[in-house]
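Step one of this worksheet: look at the structure below.
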Amino acid sequence: MSKIILITGASKGFGKLWAEAFLKQGDKVIATARDTSALNDLVAAYGDHILPLKLDVNNREEVFAAISQARQHFGRIDVLINNAGYGLFGTTEETTEAQARLQMETNFFGSLWVVQAVLPVFRQQKSGHLIQVSSFLGLTTLPLLGLYNASKFAVEGLIETVDSEVAHLGIKTTLIEPNGYATDWAGASATQTNADIEDYAPVRAAFAKSGENPDIWGVPAATVAPLLQIVQSANPPKRLLFGKIAYHGIQQVYTQRLKEIEDWKEVSIAAHGH
């Protein structure tokens with residue numbers, strides 16, 4: 001049976017790639033973007049199977065209006081893929097207040113507004129699958145991405161909490177946690193802080209050198225089959241890492257964290273007091 005899929009941030013990158021994949025297999029897609037002209041090719045190819053909607057996820061009223069319009073247009077929403085977001089690159093100290101607030105507004109609050117708008121639809125249907133695009137940097141960190149890391153850590157906590165609140169209503173959640181992919185996330189879509197503090201030059205140099213290794217960047221098209229599998233699954237995962245860098249990196253991080261927890265177990269228990 002075909003599904004009604006709502007994708008935010010669908011003008012490029014993962015969002016557009018995934019929108020086309022769902023359309024190809026006969027699903028109907030609500031594709032939101034700040035600039036819907038980027039979706040003209042999909043409209044020309046798939047006609048009334050796609051509903052392009054202009055949406056800035058930072059505008060809460062606009063988010064609720066778009067979800068309402070989408071629901072009225074297709075009658076239901078089966079899957080939300082909350083994908084809108086961008087990367088802010090630079091050291092924490094060099095990040096301005098405006099840059100920090102905008103990163104959190106888009107990546108965290110934008111996701112929150114979409115979740116709040118779609119949950120009433122899912123509750124009424126007694127079904128729905130909320131798929132949130134997070135990052136493996138919602139589980140660990142890299143230098144020069146402090147505010148991005150923080151926004152994804154916040155998103156992880158949000159969706160995990162939502163899952164505990166709505167599971168009894170027939171609503172499922174999945175956090176997708178990609179490593180870096182060869183989209184424009186680190187290119188045209190990225191924002192840079194100032195780089196004026198010379199003490200951070202070695203950190204910047206090491207980060208730039210690591211990005212020169214083509215093996216660390218995943219192939220965007222390779223994410224299509226795993227995403228379709230998640231959507232089609234009767235029992236989708238709560239979390240799914242996308243990419244070998246994410247898998248090996250998080251496995252190592254969690255092994256180290258568990259060891260440190262055990263190493264300090266007696267101190268932790270003593271801190272309880274009784």
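Using the count of nearby Cβ atoms within 10 Å as a rough guide to exposure, how do His274, His129, His73 rank from fewest to most?
Arranged by neighbour count, lowest to highest, His274, His129, His73 become His274, His73, His129.
Which FRET efficiency value, to the nearest 0.05, do you get for Ala271 and Glu160 by plugging their Cβ-Cβ distance into 1/(1 + (r/R0)^6) with R0 = 22 Å?
According to the calculation, E is roughly 0.35.
So who's got an amide H within less than 5 Å of the one on Ile171, skipping anything under 5 residues away but keeping other chains? H placed 1.01 Å off N, in plane.
Excluding prolines and chain starts, which carry no amide H, there are no hits.
Asn58 to Glu262: FRET efficiency via 1/(1 + (r/R0)^6), r the Cβ-Cβ distance, R0 30 Å, to the nearest 0.05?
That gives a FRET efficiency of 0.10.
Over the chain, what is the relative contact order in whole percent, taking alpha-carbon pairs under 8 Å and six or more residues apart?
Computed value for the chain: 18 percent relative contact order.
Could you check the simple spin-label distance between Asp184 and Thr141, using points 7 Å along Cα→Cβ, in nm with one decimal?
3.0
Let me see the P(r) profile for region 179-252: every Cα-Cα distance counted, bins of 5 Å, each bin given as a percent of all pairs.
Histogramming region 179-252 at 5 Å steps yields 3, 12, 16, 20, 19, 13, 8, 5, 3, 2, 0 percent.
Given Cβ point charges of +1 (Lys, Arg) and -1 (Asp, Glu) and nothing else, what value in debye, to the nearest 20, does the dipole of the chain about its Cα centre take?
It comes to approximately 1080 debye.
Mind checking the dipole of region 37-109: about its Cα centre, +1 per Lys or Arg Cβ, -1 per Asp or Glu Cβ, Debye to the nearest 20?
My answer is approximately 320 debye.
On a full-extension model of 0.36 nm per residue, what is the gain between Ile216 and Phe109, subtracting their alpha-carbon distance, rounded to one decimal in nm?
35.6 nm
Amide H to amide H, which residues 5 or more places from Val29 or on other chains are under 5 Å from it, using H placed in the peptide plane?
Ile5, Ile50, Leu51
Once R0 is set to 30 Å, what does the formula 1/(1 + (r/R0)^6) return for the Cβ-Cβ distance between Glu198 and Glu97, expressed as a FRET efficiency to the nearest 0.05?
My answer for the efficiency is 0.85.
Work out how much length Ala205 to Arg123 would gain on full extension: take 0.36 nm times their residue separation and subtract the Cα-Cα distance, in nm to one decimal.
So the extension gain works out to 24.6 nm.
Please state the shape class of region 137-274: rounded when a/c is under 1.5, otherwise prolate if a/b exceeds b/c and oblate if not, all from the C-alpha gyration tensor.
oblate
Which order do peptides 257-267, 16-26 fall in by mean Cβ count within 10 Å, highest first?
16-26, 257-267
No lab work stands behind these numbers, since they all come straight from the coordinates. Every value quoted in this text rests on a predicted model; they were computed, and no experiment measured them. We place every Cβ from the backbone using ideal geometry, glycine too, and count neighbours over all the protein chains shown.
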